[in-house]
Amino acid sequence: MVQATAPSEVFHVRDLNFYYGMFRALRGINLAIPRQRIFALIGPSGCGKSTLLRCFNRMNDLIPGARVEGEVLFNGADLYAPEVDPAEIRYRIGMVFQKPNPFPKSIFDNVAFGPRINGYTGDIAEVVERALRRAALWDEVKDRLKQSAYALSGGQQQRLCIARALAVEPEVILMDEPCSALDPAATLAIEDLIRELSKEYAIVLVTHNMQQAARVSDRTAFLMMDESRSGFLVEEGETEEIFANPHDKRTEAYITGRYG
Amino acid sequence: MATVWALKRRTTRRNEQIIFLVLFLSAMVSILTTVGIIYVLVSESLGFFQQVSLWDFLMGSQWTPLFQPQHFGVLPLVGGTLLVTGLSALVALPVGLGSAVYLSEYAPERARRVLKPLLEVLAGVPTVVYGYFALTFVTPLLQRYLFHDMIVFNALSAGLVMGIMIIPLVAALSEDAMVAVPRSLREGAYALGATKFEVVSKVVVPSALSGVVAAFILGLSRAIGETMLVTIAAGATPRLTLDPRESIQAMTAYIVQVSLGETPHGTLVYHSIFAVGLTLFVMTLGMNILGQWVVHRWRARY
């Protein structure tokens, strides 16, 4: 595979169209996601930001009738090439969901799930501890690793899900509105964690909360939908630039609250 | 005007009371019936246990009520029932679980739409039909290809067909439990690089475990209580054996045999069917309580 992207980019999206059956959910997306930074996708509900996020780890493959046109390059290689195994892709590209979704298992088993299914043979307790420490949850749960994950609060559950994603040592973490089901205090804790994690990982963050995008991210892309409800990219740039000095009138309208 | 309003209110209130009463009585019908059944079983069994000690009944390994000397050790009947039930479990649990996993996780929507109702139709086939299916189709098949000198009435054939009979129940209940596992849990596992089978075996089935185990227990409870199939196909020879090729007699089949025979009312043999019935009732009740307990104790809250 030719190195078609700059080494500083983890994802490169070229002329991406995405379909759910006959419905085109995304059209003509071109975007580059840099390494070790936080990239926020913002836009009104239904603009396709979650769909775009799910193109990055082929989560959309699970939906019958979903179809991709164009290219999504991961480290320069086509994610949708026929020889690519989606399970392996998802192992290297972690994901955190809107609602905390721990498995009905113990805290330990939740974090150990990824390494176990991927055949990790080393000291699994060490992996679990490291992941929980990185997710800033270790001190709160170290004495009750055998307890059900459901005994944790919502914010703790979400940090557990982040630890679960970190345990397989992915290169990128995709976050789909990770704070939307949390209270303000838990939201701040997760945001601090996201900033901390961005030192080691590329993070793509979907959020409907513009303050969050402004607070947390380095770069921001603004999406909207057209008359046929297809999502498209309006503009993309450094977060400060987008929020202080948007080039497009529609971006300005959205971030100042006059839209959506 | 005021009186008209008041009248209307009174009739509504009376209607409400009538509706309440009708609904209350409907609910009471099944409760009262259960109480009545327990009363009959216990009171008629008392007559039996005045002549045969509970110890001899529960621990005796010979059941010869119709010959001299009479023995009333229930173990051969319990053993016969459990042998057939065990065989049915060998068929119904793996196949039922397999069908449930297929329907809930693998089947394309179109296949699911056809198969699920088909499974429910299978559950509606009268058990007498399964009895003749075992006797006139499965037994000759087994005799021809596997056990050439096997007796016509045998536990094996009845057990296998019983297994087929309870597959729909096990499959439908397990499938309900699996479909109830939220999509977000499946996505969480996929996002960690799990393959489809890993998602099913390590997340969906464990998450649905309480429902799956309850389905197993209810299926087996149904097998224990099943009457027609074992009466027709499993024989009428009370025998404590683990060899499924032998002819046995299940508890239910004994009750049928005596009920249809010429046993005079009030005799010891007559009372014995109530003792066996009570034993059966306690067994299935125990299974159902166990099933309920499993569902509540292990239920995942997601």
> What residue among B:I37, A:L52, B:P117 has its Cα farthest toward the positive end of the dipole of the protein assembly as shown, where the charges are +1 on Lys, Arg and -1 on Asp, Glu, each on the Cβ?
Replying inline: B:I37
>> Step by step: find N for the range B:128-181, compute 2.2 N^0.38 Å, then divide the Cα radius of gyration by it. What's the final number?
In response: 1.48
> How do B:285-292, B:212-219 rank on mean C-beta neighbours within 10 Å, highest first?
Replying inline: B:212-219, B:285-292
> D for the range B:75-298, whole µm²/s, Stokes-Einstein with Kirkwood Rh over alpha-carbon pairs at 37 °C and 0.692 mPa s: what number?
Replying inline: 174
>> Using a Gaussian network model on chain B with a 10 Å cutoff between Cα atoms, which of B:S247, B:S43, B:S30 fluctuates the most?
In response: B:S30
> Rounded to the nearest 0.05, what FRET efficiency do B:T136 and B:R245 have when you use their Cβ-Cβ distance and R0 = 22 Å?
Replying inline: 0.80
> Who wins for biggest fluctuation among B:A223, B:A233, B:A189 in a Gaussian network model of chain B, springs between alpha carbons below 10 Å?
Replying inline: B:A189
> Based on the alpha carbon coordinates of chain A, what radius of gyration and maximum Cα-Cα distance (Dmax) apply, in Å?
Replying inline: 18.3, 54
>> Only Cα pairs within less than 10 Å get springs; with that Gaussian network setup on chain B, which residue of B:R144, B:R113, B:R13 has the largest fluctuation?
In response: B:R13
> Which of the peptides B:49-60, A:103-114 is most tightly packed, and how do the rest follow, judged by the mean count of other Cβ atoms within 10 Å per residue?
Replying inline: A:103-114, B:49-60
> Based on Cα positions only, what radius of gyration and what Dmax would you give for the protein assembly as shown, in angstroms?
Replying inline: 32.6, 104
> In nanometres, what is the gap between the two model label sites at A:F23 and B:H71, each 7 Å from Cα along Cα-to-Cβ?
Replying inline: 7.2
> If you take the C-alpha gyration tensor of the range B:1-121, multiply each eigenvalue by 5 and take the square root, what semi-axes do you get, largest first, in whole Å?
Replying inline: 49, 36, 9
> For chain A, what relative contact order do you get, as a whole percent, if you take Cα pairs closer than 8 Å and at least 6 residues apart?
Replying inline: 27
> List the aspartates and glutamates whose alpha-carbon lies under 12 Å from that of A:K146, not counting same-chain residues fewer than 8 positions away?
Replying inline: A:D109
> Any idea which of A:N110, A:L174, A:I162 is furthest toward the positive side of the dipole for the range A:93-196, if Lys and Arg beta-carbons carry +1 and Asp and Glu beta-carbons -1?
Replying inline: A:N110
>> Please give the charge dipole size of the protein assembly as shown, origin at the Cα centre, charges +1 on K and R Cβ atoms and -1 on D and E Cβ atoms. Round to the nearest 20 debye.
In response: 1420
> Given the C-alpha centroids of the range B:161-228 and the range A:129-175, what is the distance between them in whole angstrom?
Replying inline: 29
> Which of the lysines could be linked to A:K99 by a straight reach, that is with a Cα gap under 17 Å, when you skip same-chain ones fewer than 8 residues away?
Replying inline: A:K49
>> I'd like to verify something in chain B: which complete DSSP H helices, judged by Cα projection on the helix axis, reach 18 Å or more and average at least 0.0 on the Kyte-Doolittle scale?
In response: B:2-49, B:75-101, B:109-123, B:155-179, B:209-225, B:268-298
>> Students often get this wrong: which residues of the range A:206-233 have the backbone nitrogen under 14 Å from the point 7 angstrom along Cα-to-C-beta of A:T256?
In response: none
> Once the Cβ-Cβ distance between B:V40 and B:H296 is put in as r, and R0 is 35 Å, what FRET efficiency do you end up with, to the nearest 0.05?
Replying inline: 0.70
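How big is the charge dipole of the range A:151-260 about its Cα centre, in debye rounded to the nearest 20, if each Lys and Arg gets +1 on its Cβ and each Asp and Glu gets -1 on its Cβ?
On the way: 10 positive and 19 negative charges, 66 e Å.
Using only the charged Cβ atoms, the result is roughly 320 debye.
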> Taking only Cα atoms, what is the 0 to 90° angle, nearest 10, from helix A:124-134's long axis to the longest principal axis of chain A?
Replying inline: 50
>> On C-alpha positions alone, give me the angle between the axis of helix A:154-166 and the longest principal axis of chain A, in degrees, nearest 10.
In response: 90
> Within straight cross-link reach of B:K196, meaning Cα distance under 13 Å, which aspartates and glutamates are found once same-chain residues fewer than 8 apart are removed?
Replying inline: A:D61, A:D85, A:E88, B:E105, B:E187
> If one takes the longest principal axis of the Cα atoms in chain A, at what angle in degrees, from 0 to 90 and to the nearest 10, does the Cα axis of helix A:184-197 lie?
Replying inline: 90
> Per the helix-only calculation at 222 nm, which mean residue ellipticity applies to chain B, given -39500 (n - 2.57) for every DSSP H run of n ≥ 4 and division by its residues, nearest 500 deg cm²/dmol?
Replying inline: -23000 deg cm²/dmol
> Counting Lys and Arg as +1 and Asp and Glu as -1, what is the net charge of the other residues whose Cβ lies under 15 Å from the Cβ of A:R27?
Replying inline: 0
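I need to check one value: relative contact order of chain B, counting alpha carbon pairs closer than 8 Å and at least 6 residues apart, in percent.
It rounds to 25 percent for chain B.
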> What number in nm² do you get for the range B:218-302 if you take the convex hull of its Cα atoms and divide its surface by four?
Replying inline: 7.5
> Per 10 Å bin from zero, what fraction in whole % of the C-alpha pairs of the range B:154-264 is there, up to the bin with the longest pair?
Replying inline: 14, 30, 22, 17, 12, 4, 1, 0
> In whole Å, what is the distance between the alpha-carbon centres of the range B:243-294 and the range A:31-98?
Replying inline: 62
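Computed from the coordinates by the stated procedures, all read-outs in this text should not be read as laboratory data. Because the structure is predicted, anything quoted here is derived from the model rather than measured. Heads up, the Cβs are rebuilt from the backbone with ideal geometry, glycines too, and the neighbour counts pull from every protein chain shown.
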